[in-house]
1. Scan the stretch 320-363 for residues that are out of contact with any helix residue (DSSP H, G or I) (no Cβ under 7 Å at 6 or more places or on another chain), surrounded by fewer than 16 Cβ atoms within 10 Å (Cβ to Cβ) and closer than 19 Å to residue 414 by Cα and report the count.
2. Give 244, 232 a once-over and let me know the one that is part of a helix (DSSP H, G or I), away from the ligand (no atom under 15 Å from the Cβ) and at pLDDT 95 or above.
3. Which of (1) surrounded by fewer than 16 Cβ atoms within 10 Å (Cβ to Cβ); (2) within 29 Å of the chain's Cα centre (by Cα); (3) assigned to a helix (DSSP H, G or I) is the odd one out, the single condition residue 451 does not satisfy?
4. Could you tell me whether residue 167 is on the phi < 0 side of the Ramachandran plot, within 16 Å of the ligand (Cβ to nearest atom) and touching a residue at least 24 places away in the same chain (Cβ under 8 Å)?
5. Return yes when residue 238 is surrounded by fewer than 24 Cβ atoms within 10 Å (Cβ to Cβ), assigned to a helix (DSSP H, G or I), away from the ligand (no atom under 12 Å from the Cβ) and modelled with pLDDT of 95 or more and no when it is not.
6. Collect the residues in the stretch 205-225 that are over 22 Å from residue 243 (Cβ atoms) and more than 9 Å from the ligand (Cβ to nearest atom), keeping them in residue-number order.
7. Which residue is surrounded by the most Cβ atoms within 10 Å (Cβ to Cβ), if the candidates are limited to the stretch 274-297 and must be under 12 Å from residue 193 (Cβ atoms) and within 10 Å of the ligand (Cβ to nearest atom)?
8. Quickly run through the stretch 250-260 and pick out the residues that are in a loop (DSSP other than H, G, I, E, B), within 9 Å of the ligand (Cβ to nearest atom) and touching a helix residue (DSSP H, G or I) at 6+ places or on another chain (Cβ under 8 Å).
Ligand code: ADP
C-alpha cells in the first residue's frame, strides 16, 4: 500500500532542504513550495475540465511519485513542487477532450467567447500578486518583472476578448450574374500549443487568447521548468467558466517532451501547432506537422542586433540597451544578442554602458526588492554563457565588466560586457540567452547591415540614430520581423510579434494573431 505523506512537508524535509529554506524562512522570499500561493498551486494535468486523475493537492502519494517530476527554484535549487509527468496517453486524452469541446465552443456566439475571455482576464488581474510569485519562484525573474509579465499576459486575454467580436468575412463582387461569392472565417480546430519557460504565463495567453477567440480549443504543453504558471492559469480558466475541454494543460518532464510533442503534433485530430522555443525543436515539430499537413505558427530563436550609429543619442542608446539586453537576465528571444557600435561613438557607448550596468543592475534573489537580475534558468544556461565568454576571450575580445559566475553561486551570472568582439566568435553567431553584451566596432552603415543580415534568423533588431534618412533606410533593410528604432522595448499586445528567416512562421498578438487560428472558406452560392 502506498504511504501517504503531507504535500507540504515540515521544514527541513527532503524536498524543502533545510539550508535553503530553514525554519522561519520568510514567506516573501518564496524559497520553497510551502510558500507558493496554495489557492493557485496545482500539480495535476487539467483535461476536460478536471484535474486528472483527481486533484490530490493535499496529499503526496509515493506510488505516484514515479510519475511526477520536480519543479526547481532556479535561484536556490529547492524543490517547489512535484508535478504529474504526462506521456503520450495523457496527450491523446487531452486532444480527445479538446475535440469533443470543439463544436460547442465554435457554435458559441462571439459575444459569449469574448465574455469568458474577459472574465479570465479579470481573474488574472485579481490574482496578479499570486501569479507573479509563482513566476518568480519557478522562473527566477525579479518579482517586479513577474508582475509586468502577468499584466502583459492578461492583456492578451483582454485584447483577444475584444478581437473575438471583430472577425469578418467578405462578399466578393460576382463574376457571374447568377452567383454570389462569399468568404467565411472559421476556426481551424484543435490547436496543440507548446511553450517555453522564459515567459511562463505570457507565451500561453498570447497563443490561447487568439485560439479561443477564433473558436479553437487547445491543448497546452508548458515548459518543464515552469509548469506551475500554466496550471495556475488553468485553475483561473476553470473559475472563469471556460467550458470543459476548451483549455487543457498537460505538463511533462524534459525526457517526456519528445513523446508528448510527437503525440500532439502527429495526432490526426490536431489541426494546428503553435510553438515558441528553439529553432532546433521548431524544426522537429515542423517535420511532425508535415505528415498530416497541419497549420503551424513558429516563434523561434533570434540573434537580435543592436546597432548604435554615430548620429545616436548615446544616453538614449545606453538606456535602451540596458532595458532590452538585461530584462529576464538576457533570456528573451528579442534580447539583443550583440551590439554593433560605430567607431565614432564606440568608446563613449562602451564606457557609459558598463557604468550604467554597475550603477543600476543588482544580481540576487527575484524575491529581493533591490534585485534587477535574477538567476539564469538552469546550470546548462550558465554553462552556455561561460562558453561564449571563454571563446570570445580566447579569440581576442576584451573583458570590460563581469565575465564570471556571480558570487551568489548557483545559476547566477554577472552582467558582462565584452569589447573588441569579432564576427567569428560564438557570441556573434549563436544566441547566448544570458546577461552578456558583446560589442563589435564597425565603420559604415553598409558594414553594420551586412553583419546584422548575415544571420540565418531574423526576429528583432534595434538601432539608434537621429538621422531620419538613415532611420528609413535601416528600418527597411534589416532582415527581421520587428524593429526597435531608438527604442529597446517593443512588445505590445496590439502589435504583431514574429520573425523572418529561421526565426519562424506567422505572427502573434495584434489583429494578425487571430488569422493564425482561422481558415478562409470560400462559398460560391449559385443558381440565383
Ligand atoms: P529551451 O532549450 O529553451 O528549453 P526548447 O525549444 O528545447 O527550448 O523548449 C521549448 C519547449 O519545447 C519546451 O516546452 C520543451 O519541453 C519543448 N520541447 C523540447 N523538445 C521537444 C520535442 N522534441 N518535442 C516537443 N516539445 C519539445
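The values are calculated or read from the model by the stated rules, or taken from the named source; none is laboratory data. Quantities reported herein were computed from a predicted structural model and do not represent experimental measurements. Neighbour counts are summed over all protein chains in view; Cβ atoms, including those assigned to glycine, are modelled from backbone coordinates with ideal geometry.
1. Selection size over the stretch 320-363: 6.
2. Values: 244 fails: part of a helix (DSSP H, G or I).
Criteria check complete, one pass: 232.
3. All conditions pass for residue 451, except number (1).
4. Details: on the phi < 0 side of the Ramachandran plot: yes; within 16 Å of the ligand (Cβ to nearest atom): no; touching a residue at least 24 places away in the same chain (Cβ under 8 Å): yes.
No: the conditions fail for residue 167.
5. Working: surrounded by fewer than 24 Cβ atoms within 10 Å (Cβ to Cβ): yes; assigned to a helix (DSSP H, G or I): yes; away from the ligand (no atom under 12 Å from the Cβ): yes; modelled with pLDDT of 95 or more: yes.
Yes.
6. So the first thing to find is which residues in the stretch 205-225 are over 22 Å from residue 243 (Cβ atoms), and the list is 223-225.
The answer is none; no residue qualifies.
7. From the stretch 274-297, those under 12 Å from residue 193 (Cβ atoms) are 274-277, 285, 296-297; that's our starting set.
Keeping just the survivors that are within 10 Å of the ligand (Cβ to nearest atom) gives 275-277, 285.
Working: 275: 28, 276: 26, 277: 21, 285: 23.
Here the residue is 275.
8. Residues of the stretch 250-260 that are in a loop (DSSP other than H, G, I, E, B), as a first pass: 250-253.
Of the ones still in play, those that are also within 9 Å of the ligand (Cβ to nearest atom) are 252-253.
The answer is 252, and nothing else.
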